[in-house]
1. Expected output is a single nm value to one decimal: the length gained when fully extending between residue 137 and residue 150, i.e. 0.36 nm times separation in residues minus the C-alpha distance. What is it?
2. What number, in percent, do you get for the relative contact order of the chain if the mean sequence gap of Cα pairs under 8 Å and at least 6 apart is divided by its residue count?
3. Note the full-extension length gain between residue 102 and residue 25 as 0.36 nm times their separation in residues minus their Cα-Cα distance, in nm to one decimal.
4. In nm, give the distance between the simple-model label positions of residue 160 and residue 39, each being 7 Å from the Cα along the Cα-to-Cβ direction.
5. Anything over 29 Å Cα to Cα? Flag those among 142/193; 37/142; 85/159; 2/164, in the order listed.
6. In a shell of Cβ-Cβ distance under 14 Å around residue 121, excluding residue 121 itself, what net charge do Lys and Arg (+1) and Asp and Glu (-1) give?
7. Within the chain, what's the longest run with no GluC sites (Glu not before Pro) in a DSSP loop and at most 13 other beta-carbon atoms within 10 Å? Give the range, please.
8. Can you pull out the trypsin sites (Lys or Arg not before Pro) in region 59-121 that DSSP calls coil and that have at most 13 other Cβ atoms within 10 Å?
Amino acid sequence: NKAALDAIIKAGLLLGCRISPVCKWDRKNYFYPDSPKNYQISQYDLPVCLGGEVEIELAGPSRNVMGEHKRIPLTRIHLEEDVGKLSHGTIDSLVDYNRAGTPLMEIVSDPDIDTAEEAFAYLNSLRQILLAGGVSDADMEKGQMRCDVNVSVRPLGQKEVGTKVELKNLNSISGVRRALVYEIARQIAAVEKGEAIQHETR
């Protein structure tokens with residue numbers, strides 16, 4: 001799909017990535033109801049774009065004063081095929097396969113976001129860049145931009161990150177911020193009680 005490759009290369013250039021002269025496709029094998037063929041076409045070790053960064057601005061002391069700036073490094077941007085959409089009810093689940101197989105651009109950042117406010121600023125900045133570049137309308141409520149978040153906490157001074165918990169199916173930027181505030185506090189409370197954090201998806 002040339003249009004998908006053109007869009008991901010444009011996004012990579014906007015974000016300061018290195019565009020790979022060679023990329024390859026991988027088969028990620030797993031079973032889930034939204035992908036009944038048991039695999040997903042994705043990229044792993046040779047993605048289209050490597051590196052790059054998103055510059056964020058945190059809220060300043062007032063509306064007229066700029067806040068602190070920080071650059072969030074990116075690991076990669078790759079293409080993969082989208083899966084179906086699951087809708088869960090109280091006693092059943094429905095799956096919509098209409099978007100399955102269409103190209104999806106995935107942007108992966110380094111683990112360098114420290115607070116819910118930084119994540120909020122990162123997503124807003126990323127959305128503005130993709131909009132201005134004509135890459136995507138990036139409307140989370142319409143599913144044009146989705147976000148999965150990996151959260152881990154560690155005591156001050158400890159270099160190793162803690163066990164991560166993945167938060168999925170967040171459908172707004174403010175929802176990501178609220179989920180992070182809750183999950184960070186939950187993990188800190190658990191660690192302070194001496195409880196082990198379970199590697200899980202929420």
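1. 2.2 nm
2. 15
3. 26.3 nm
4. It works out to 3.5 nm between the two label points.
5. 142/193; 85/159; 2/164
6. Local charge sum for residue 121: -4.
7. With a cap of 13 other Cβ atoms within 10 Å, the longest stretch comes to 69-159.
8. Qualifying residues, ordered by number: 63.
Where a number appears in this text, it was derived from the coordinates with a stated rule and is not lab data. Since the structure is predicted, the reported quantities are computational estimates derived from the model, not experimental observations. Positions of Cβ are generated from backbone atoms using ideal geometry, with glycine treated the same way; all protein chains shown enter the neighbour counts.
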